[in-house]
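Report on the structure given below.
The values are calculated or read from the model by the stated rules, or taken from the named source; none is laboratory data. This structure is a prediction, so every number in the text was calculated from the model and none was measured. With ideal geometry, Cβ positions are generated from the backbone for all residues, glycine too; neighbour counts draw on all protein chains shown.
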Amino acid sequence: MQLKLQNFFLAVDDSDKALHFYRDVLGFEVRTDVSFEGMRWLTVSPPAQPDIEIVLHPAGVHPDASPADQEALTALLAKGLLGGAVFATDDCDAAFAHIRDSGAEVVQEPIDQPYGVRDCAFRDPAGNMLRFAQQPAR
(Lines give C-alpha, C1' and ligand atoms only; values in the text may rest on other atoms or scores of the structure.)
Protein backbone atom coordinates (compact mmCIF):
# COMPACT_ATOMS: atom_id res chain seq x y z
CA MET A 1 0.00 0.00 0.00
CA GLN A 2 1.35 3.40 -0.98
CA LEU A 3 0.16 6.56 0.77
CA LYS A 4 0.90 10.16 -0.21
CA LEU A 5 -0.17 13.44 1.33
CA GLN A 6 -2.86 15.09 -0.79
CA ASN A 7 -4.42 17.87 1.33
CA PHE A 8 -3.23 19.79 4.35
CA PHE A 9 -5.66 22.09 6.18
CA LEU A 10 -4.81 25.49 7.65
CA ALA A 11 -7.48 27.57 9.36
CA VAL A 12 -7.72 31.21 8.32
CA ASP A 13 -9.89 34.09 9.40
CA ASP A 14 -9.82 35.99 6.10
CA SER A 15 -9.60 34.04 2.85
CA ASP A 16 -8.58 37.07 0.80
CA LYS A 17 -5.67 37.95 3.12
CA ALA A 18 -4.61 34.30 3.17
CA LEU A 19 -4.79 34.11 -0.62
CA HIS A 20 -2.64 37.23 -0.96
CA PHE A 21 -0.01 35.83 1.44
CA TYR A 22 0.23 32.31 0.06
CA ARG A 23 -0.07 33.28 -3.62
CA ASP A 24 1.61 36.70 -3.82
CA VAL A 25 4.21 36.45 -1.05
CA LEU A 26 5.08 32.74 -1.00
CA GLY A 27 4.48 32.22 -4.72
CA PHE A 28 2.08 29.30 -4.34
CA GLU A 29 -0.29 28.45 -7.16
CA VAL A 30 -4.05 28.57 -6.70
CA ARG A 31 -5.49 25.13 -7.43
CA THR A 32 -9.12 25.71 -6.44
CA ASP A 33 -11.11 28.80 -5.53
CA VAL A 34 -14.83 28.11 -5.63
CA SER A 35 -17.92 28.68 -3.55
CA PHE A 36 -19.13 25.48 -1.92
CA GLU A 37 -22.25 25.14 0.25
CA GLY A 38 -22.08 28.75 1.40
CA MET A 39 -18.31 28.61 2.01
CA ARG A 40 -15.19 29.06 -0.07
CA TRP A 41 -13.06 26.05 -1.06
CA LEU A 42 -9.62 27.62 -1.51
CA THR A 43 -6.51 25.52 -2.13
CA VAL A 44 -2.93 26.48 -2.98
CA SER A 45 0.19 24.45 -3.78
CA PRO A 46 3.91 25.08 -3.86
CA PRO A 47 4.89 25.07 -7.56
CA ALA A 48 7.41 22.27 -6.89
CA GLN A 49 4.68 20.10 -5.30
CA PRO A 50 1.52 20.51 -7.39
CA ASP A 51 0.03 17.27 -6.05
CA ILE A 52 -0.12 18.63 -2.48
CA GLU A 53 -2.86 21.17 -1.82
CA ILE A 54 -3.08 23.37 1.25
CA VAL A 55 -6.74 24.00 2.04
CA LEU A 56 -7.20 27.48 3.51
CA HIS A 57 -10.45 27.05 5.43
CA PRO A 58 -12.41 29.24 7.84
CA ALA A 59 -11.67 28.52 11.50
CA GLY A 60 -14.49 26.87 13.37
CA VAL A 61 -16.30 25.64 10.28
CA HIS A 62 -17.04 21.99 10.92
CA PRO A 63 -20.37 20.21 10.62
CA ASP A 64 -20.06 18.70 14.11
CA ALA A 65 -18.85 21.87 15.87
CA SER A 66 -21.23 23.51 18.30
CA PRO A 67 -21.39 27.31 18.41
CA ALA A 68 -19.20 27.16 21.54
CA ASP A 69 -16.68 24.96 19.71
CA GLN A 70 -16.63 27.35 16.76
CA GLU A 71 -16.04 30.28 19.08
CA ALA A 72 -13.21 28.41 20.86
CA LEU A 73 -11.53 27.51 17.56
CA THR A 74 -11.74 31.10 16.35
CA ALA A 75 -10.19 32.31 19.62
CA LEU A 76 -7.34 29.77 19.36
CA LEU A 77 -6.64 30.87 15.79
CA ALA A 78 -6.49 34.51 16.90
CA LYS A 79 -3.79 33.51 19.42
CA GLY A 80 -1.81 31.60 16.78
CA LEU A 81 -2.36 28.28 18.55
CA LEU A 82 -4.34 26.35 15.97
CA GLY A 83 -2.04 25.32 13.15
CA GLY A 84 1.26 25.55 11.42
CA ALA A 85 3.56 24.13 8.80
CA VAL A 86 7.24 23.72 8.01
CA PHE A 87 8.39 24.44 4.46
CA ALA A 88 11.73 23.38 3.02
CA THR A 89 13.83 26.04 1.32
CA ASP A 90 17.19 26.03 -0.38
CA ASP A 91 18.02 29.51 1.02
CA CYS A 92 16.65 30.33 4.46
CA ASP A 93 18.15 33.82 4.54
CA ALA A 94 16.69 34.83 1.17
CA ALA A 95 13.30 33.40 2.14
CA PHE A 96 13.45 35.32 5.41
CA ALA A 97 14.28 38.63 3.71
CA HIS A 98 11.53 38.21 1.12
CA ILE A 99 8.82 37.26 3.63
CA ARG A 100 9.91 39.90 6.16
CA ASP A 101 9.81 42.58 3.44
CA SER A 102 6.17 41.63 2.74
CA GLY A 103 5.29 42.80 6.25
CA ALA A 104 4.66 39.34 7.71
CA GLU A 105 5.05 39.00 11.47
CA VAL A 106 8.55 37.72 12.25
CA VAL A 107 8.67 35.11 15.01
CA GLN A 108 12.30 34.00 14.61
CA GLU A 109 15.12 35.33 12.47
CA PRO A 110 17.32 32.78 10.67
CA ILE A 111 19.30 30.64 13.09
CA ASP A 112 21.37 27.46 12.90
CA GLN A 113 19.51 24.92 15.01
CA PRO A 114 21.36 22.28 17.07
CA TYR A 115 19.51 19.56 15.15
CA GLY A 116 21.18 20.56 11.88
CA VAL A 117 18.86 22.89 9.96
CA ARG A 118 18.93 26.64 9.50
CA ASP A 119 15.43 28.00 9.90
CA CYS A 120 13.27 31.03 10.53
CA ALA A 121 9.64 31.51 11.48
CA PHE A 122 6.71 33.79 10.71
CA ARG A 123 2.99 33.98 11.38
CA ASP A 124 0.69 34.06 8.39
CA PRO A 125 -2.09 36.70 8.38
CA ALA A 126 -4.33 34.36 10.45
CA GLY A 127 -1.65 33.66 13.06
CA ASN A 128 -0.55 30.19 11.91
CA MET A 129 3.12 29.47 12.67
CA LEU A 130 5.12 28.89 9.51
CA ARG A 131 8.74 27.75 9.61
CA PHE A 132 11.16 27.78 6.67
CA ALA A 133 13.97 25.25 7.03
CA GLN A 134 17.16 24.79 5.03
CA GLN A 135 18.96 21.47 5.24
CA PRO A 136 22.75 21.63 5.66
CA ALA A 137 24.91 21.29 2.55
CA ARG A 138 26.20 17.78 2.01
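The test for being farther than 23 Å from residue 11 by Cβ, under 16 Å from the mean Cα position of the chain (by Cα) and touching a residue at least 24 places away in the same chain (Cβ under 8 Å) holds for residue 96. So residue 18 ticks every box in (1) surrounded by 14 or more Cβ atoms within 10 Å (Cβ to Cβ); (2) assigned to a loop (DSSP other than H, G, I, E, B); (3) at pLDDT 95 or above but one. Which box is left unticked? With respect to (1) surrounded by 14 or more Cβ atoms within 10 Å (Cβ to Cβ); (2) assigned to a loop (DSSP other than H, G, I, E, B); (3) at pLDDT 95 or above, residue 18 is out only on (2). Of all residues in the range 34-69, those that are surrounded by 12 or more Cβ atoms within 10 Å (Cβ to Cβ), of a type in the set (Asp, Glu) and more than 25 Å from residue 86 (Cβ to Cβ) total 1. Candidates are the residues of the range 65-100 that are part of a helix (DSSP H, G or I) and β-branched (Val, Ile, Thr); the one that is nearest to residue 125 (Cα to Cα) is 99. Tell me which residues, restricted to the range 91-135, are touching a helix residue (DSSP H, G or I) at 6+ places or on another chain (Cβ under 9 Å) and hydroxyl-bearing (Ser, Thr, Tyr). Scanning the range 91-135 gives a single hit, 102.
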